[in-house]
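Here is the structure we will look at, set down as structure tokens.
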Amino acid sequence: MKKDHHSPAKLTLTGALLLVLFSPRASAIELLSEDFDSGSGGFTQATSGTSPLDAIYSGAAGTWSFPGDNSGPSNNTLTSPEITMPVTAGLRIRFDHRHSTEPIWDGVVLQISINGGAYISAPRTAFTQTPPTIRLIGNHDFRGDDGFHYRSPGNDAGAFITSIAEFGRALAGDTIRIRFSGGWDLNTIGPGVTWVLDRVTIET
């Protein structure tokens, strides 16, 4: 069953979770830092839909990637290990990635779950650097979410971009997972591998 991205309950939860913090911050505490050079980082991949292809971990490149799907609709998810908050604080998520998808229809979103709850997609307003640029319209689970799509700058040469998102307060003892989720419509995908993750850092 597809998620209802527009229910009142979800909008209320989104508003509570995705407040960007503008107050001066104490010294950041690093919760996760992974460049995938020495392993998969404990990230797990999953797929759903018509004919999904698994996400691929490459030890040689030190990356995770979504191959996309041109006969969907299909979905990919790549989920972090569970993180327990050591203090009450906001969260900053930084990740290096590149993408080449069918414009507007296909794309990748950043999501967060607190205490095992539903995954909430980060809107472009949560980003302080290189936000997603389009509301996806493809026939997949992330239709209506703000997603990274088309070709990122330098993608054809293998260059990565850095995106940074900030989430509102989580309480000490809360458990956190983030996931990167790709949605693929049917008929067309971008040239080459559609999305590649090179590095991710989570800090308070």
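Could you give every pair whose Cβ atoms fall below 6 Å, whose first residue belongs to region 87-102 and is closer than 13 Å to P153 by Cα, and whose second residue is part of a strand (DSSP E or B) and of a type in the set (F, W, Y), counting only separations of at least 6 or pairs across chains?
Hits for this filter: H99/F148; H99/W195.
Kindly provide the set of residues from region 175-203 that are among the hydrophobic types (A, V, I, L, M, F, W, C), outside any loop (DSSP other than H, G, I, E, B) and closer than 14 Å to I104 by Cα, ordered by number.
W184, L186, listed by residue number.
For region 180-197, how many residues meet the condition of being out of contact with any Gly (no Cβ under 7 Å at 6 or more places or on another chain) and open to solvent by 30 Å² or more (accessible area, probe 1.4 Å)?
Residues flagged as out of contact with any Gly (no Cβ under 7 Å at 6 or more places or on another chain) and open to solvent by 30 Å² or more (accessible area, probe 1.4 Å) within region 180-197 amount to 5.
Quick one: W184 ticks every box in (1) closer than 21 Å to D35 by Cβ; (2) touching an Asp or Glu at 6+ places or on another chain (Cβ under 6 Å) bar one, so which box is it?
In the conditions (1) closer than 21 Å to D35 by Cβ; (2) touching an Asp or Glu at 6+ places or on another chain (Cβ under 6 Å), W184 misses (1) alone.
What residue, among those in region 46-75 that are outside any loop (DSSP other than H, G, I, E, B) and among the hydroxyl-bearing types (S, T, Y), is nearest to T194 (Cα to Cα)?
Filtering region 46-75 for residues outside any loop (DSSP other than H, G, I, E, B) gives 46-49, 56-58, 63-66, 71-75.
This time we only want the ones that are among the hydroxyl-bearing types (S, T, Y), so: 47-48, 57-58, 63, 65, 71, 74.
Numbers: T47: 15, S48: 17, Y57: 14, S58: 15, T63: 13, S65: 8, S71: 14, S74: 13 Å.
Looking at the filtered set, the residue picked out is S65.
What single numbered condition from (1) assigned to a loop (DSSP other than H, G, I, E, B); (2) within 19 Å of T47 (Cα to Cα); (3) touching a Ser or Thr at 6+ places or on another chain (Cβ under 6 Å) fails to hold for A172?
Only one criterion is unmet by A172, namely (2).
Residues in region 128-139 that are surrounded by fewer than 21 Cβ atoms within 10 Å (Cβ to Cβ) and not in a strand (DSSP E or B): how many?
So the first thing to find is which residues in region 128-139 are surrounded by fewer than 21 Cβ atoms within 10 Å (Cβ to Cβ), and the list is 128-131, 133-135, 137, 139.
Filter again for not in a strand (DSSP E or B), leaving 130-131, 133, 137, 139.
Count: 5.
Look at R151 and say whether it is over 30 Å from M85 (Cα atoms), open to solvent by 30 Å² or more (accessible area, probe 1.4 Å) and among the charged types (D, E, K, R).
On the way: over 30 Å from M85 (Cα atoms): yes; open to solvent by 30 Å² or more (accessible area, probe 1.4 Å): yes; among the charged types (D, E, K, R): yes.
Criteria met by R151.
I'd like to verify a number: residues in region 58-82 that are farther than 20 Å from G168 by Cα and acidic (D, E), how many?
Number satisfying all stated conditions: 1.
Would you confirm, using the coordinates I've provided, whether I164 is open to solvent by less than 10 Å² (accessible area, probe 1.4 Å) and modelled with pLDDT of 95 or more? It would help to see each step written out before you state the result.
On the way: open to solvent by less than 10 Å² (accessible area, probe 1.4 Å): no; modelled with pLDDT of 95 or more: yes.
Judged against the criteria, I164 is not a match.
Could you run through region 83-117 and say how many residues are under 15 Å from G168 (Cβ atoms) and either part of a loop (DSSP other than H, G, I, E, B) or of a type in the set (V, I, T) (or both)?
Selection size over region 83-117: 8.
The rows are residues; the columns are (1) open to solvent by 20 Å² or more (accessible area, probe 1.4 Å); (2) within 16 Å of the chain's Cα centre (by Cα); (3) in contact (Cβ under 8 Å) with a residue 40 or more places away in the chain.
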residue	(1), (2), (3)
A122	no, yes, yes
A126	no, yes, yes
D141	yes, yes, yes
N155	no, no, yes
G158	yes, no, yes
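What number of residues in region 100-118 are β-branched (V, I, T) and either within 15 Å of P81 (Cα to Cα) or open to solvent by 10 Å² or more (accessible area, probe 1.4 Å) (or both)?
Going residue by residue through region 100-118, those that are β-branched (V, I, T) are 101, 104, 108-109, 112, 114.
Of the ones still in play, those that are also either within 15 Å of P81 (Cα to Cα) or open to solvent by 10 Å² or more (accessible area, probe 1.4 Å) (or both) are 104, 112, 114.
So the count comes out to 3.
The values are calculated or read from the model by the stated rules, or taken from the named source; none is laboratory data. None of the values given here were measured: they were computed from a predicted structure. Reconstructed Cβ throughout: ideal geometry from the backbone, glycine too, with neighbour counts over all protein chains shown. All accessible areas refer to the heavy atoms of the entire protein, side chains included, with ligands and DNA or RNA removed. Shrake-Rupley method; radii C 1.70, N 1.55, O 1.52, S 1.80 Å.
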